Structure formats: structure tokens, C-alpha cells
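The values are calculated or read from the model by the stated rules, or taken from the named source; none is laboratory data. Since the model is a prediction, treat every value here as computed from it, not as a measurement. Methodologically, a virtual Cβ is constructed for each residue, glycine included, from the backbone with ideal geometry; neighbour enumeration extends over all protein chains shown. Note: areas computed on protein heavy atoms with side chains; ligands, DNA, RNA excluded. Shrake-Rupley method; radii C 1.70, N 1.55, O 1.52, S 1.80 Å.
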Amino acid sequence: MNRILALFAFVILAGFLGILAYRVPSPDLLVVLGLTILLAGYDFATSSRDKKD
């Protein structure tokens, strides 16, 4: 269940940033948005996997 909610939050974040990138196509902003998506994706991938103690 946590993984589904995390994926939903990631999709909402990516959608919002995609709209922002579409409406304000500044090269500097696109770099920051790309870095934000990469960091959020990395966090999603590392924190939502099963942890074995």
C-alpha cells in the first residue's frame, strides 16, 4: 500500500512539474525540474523497496 501511495505522489509531482515546464520553458528551470524529478525518482526507488533487517 505504501508503494502505491508513493507512486501516486510521484506521478502527481511529475505532472505538476511537467505543467510548469510546459508553461515556463526556461532552460535553467528545465534543468532544475529535471534534477528534481531524478532526485524524487531515486528517493522513490530506494525508500519504497522491501527492507530486510
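Within region 1-19, if we keep just the residues that are of a type in the set (Phe, Trp, Tyr) and within 15 Å of Ala45 (Cα to Cα), the residue that is most open to solvent (accessible area, probe 1.4 Å) turns out to be Phe8. Residues of region 20-53 that are surrounded by 10 or more Cβ atoms within 10 Å (Cβ to Cβ) and over 21 Å from Arg3 (Cα atoms): Leu20, Ala21, Val24, Ser26, Leu29, Leu30, Val31, Val32, Leu33, Gly34, Leu35. Among the residues making up region 1-32, a single one is among the charged types (D, E, K, R) and touching a residue at least 12 places away in the same chain (Cβ under 8 Å): Arg3.
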